[in-house]
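Take a look at the structure below.
The values are calculated or read from the model by the stated rules, or taken from the named source; none is laboratory data. This one's a predicted model, so the numbers in the text were calculated from it and none came from an experiment. Reconstructed Cβ throughout: ideal geometry from the backbone, glycine too, with neighbour counts over all protein chains shown. For accessibility, only protein heavy atoms count, side chains too; no ligands or nucleic acids. Shrake-Rupley method; radii C 1.70, N 1.55, O 1.52, S 1.80 Å.
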Amino acid sequence: MVKAEGTNNLTDEVRIHFRDELRDARAVALRNVEDCTQIVVAIERLGQFLREEQSAGLGKYKGALNRIVRDGGRDLDDEFSPLFDTVCKGRNAAVHEGVFARTLTANTTGLAIILEDALMAKVDLVGAFMVRNPVCGLGWQPLSLVRHTLLTNSFSYLPVNTDGHWCLLSDFSLARYLREGEMRARLQETLDRALEHAIDKRIQLHEALLCKQNVPVTEALRECKGLPVLVTTDDYAHLLGIATPFDLL
């Protein structure tokens with residue numbers, strides 16, 4: 001028997017789970033603009049959860065998904081319906097390459113963003129939006145590895161722990177430090193060694209807002225000065241996650 005379409009079974013934990021699936025799928029599509037498969041799969045999984053019905057086909061989930069959008073209260077209902085229909089038609093079409101595929105991916109990405117927004121509309125704590133188990137810079141690492149981490153992940157800031165205190169290392173600070181000296185030699189230095197240099201050569205670290213998971217998003221944005229927020233354990237000793245302003249959009 002098909003479950004009545006509703007959102008009562010969407011706890012915060014479930015909302016975050018499906019939001020993360022959609023977000024990860026969009027990241028895949030960003031790397032390949034002709035492949036929206038993972039986004040469609042993520043949307044179908046959400047629909048299956050809501051209806052407790054497997055393999056019903058994307059179109060059959062429209063009512064359940066639309067209920068989430070309406071309940072989100074952000075006036076996205078009018079945008080959702082035609083976009084969903086466009087994605088369904090595109091998904092069923094035979095040709096999925098070239099301009100057609102890129103258009104389908106763009107539409108599917110837009111649909112995912114609407115669903116993510118609706119899922120999280122009533123969730124307002126930093127812990128719900130943070131990236132868990134973030135990549136960090138470690139004191140023993142050579143700057144070549146720290147640089148590689150920034151580049152491969154397209155990070156603007158990297159959390160680092162110095163003397164038991166969490167800070168942020170910016171791509172700007174590292175770039176300036178490397179370019180103002182003999183770059184090859186400085187790439188071989190460890191992060192700890194670079195931080196011990198004289199003040200005129202030191203890599204500049206940014207003080208980060210440290211907060212707990214239950215801090216409201218509005219409070220974090222007010223206090224973070226535009227920098228990423230570092231979410232820690234109650235004693236601030238261990239890093240649980242990072243939330244950039246982009247994550248909190």
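Worth a mention:
- Given charges at Cβ of Lys, Arg, Asp, Glu: the chain dipole, positive-most of N9, L168, L111: L111
- Loop-located chymotrypsin sites (Phe, Trp or Tyr not before Pro) in segment 79-169 (DSSP state other than H, G, I, E, B) with a sparse environment of at most 13 neighbouring Cβ atoms within 10 Å: W140.
- The chain: DSSP helices with Cα axial extent of at least 18 Å and average Kyte-Doolittle hydropathy no lower than -0.5: 37-51, 98-119
- Debye log10 I(q)/I(0) for the chain, one point scatterer per Cα, at q = 0.09 Å⁻¹: -0.52
- Rounded Å value of the spacing that divides the Cα centres of segment 179-220 and segment 57-126: 40
- With a Förster radius of 25 Å applied to the beta-carbon distance between V131 and D77, the computed FRET efficiency rounds to 0.25.
- H96 accessible area, assembled protein chains, probe 1.4 Å, Å²: 90
- Look at the alpha carbon pairs under 8 Å that are at least 6 residues apart: their mean separation over the length of segment 66-196 gives a relative contact order of 22 percent.
- Only lysine pairs 8 or more places apart or on separate chains count here, and in the chain those with Cα atoms under 30 Å apart total 12.
- Segment 155-249, relative contact order [Cα under 8 Å, separation at least 6], %: 22
- Cα-centre dipole for segment 1-155 with unit charges at Cβ (Lys and Arg positive, Asp and Glu negative), debye to 20: 240
- Dipole magnitude for segment 63-159: computed about the Cα centre from +1 point charges on Lys and Arg Cβ and -1 point charges on Asp and Glu Cβ, it is near 380 debye.
- Charges were assigned to the Cβ only: +1 to each Lys and Arg, -1 to each Asp and Glu. The resulting dipole of segment 134-249 about its Cα centre is roughly 380 debye.
- Rounded accessible area of E79 (nearest 10 Å², 1.4 Å probe): 100
- With all pairs of different C-alpha atoms in the average, the Kirkwood value for the hydrodynamic radius of segment 68-168 is 17.4 Å.
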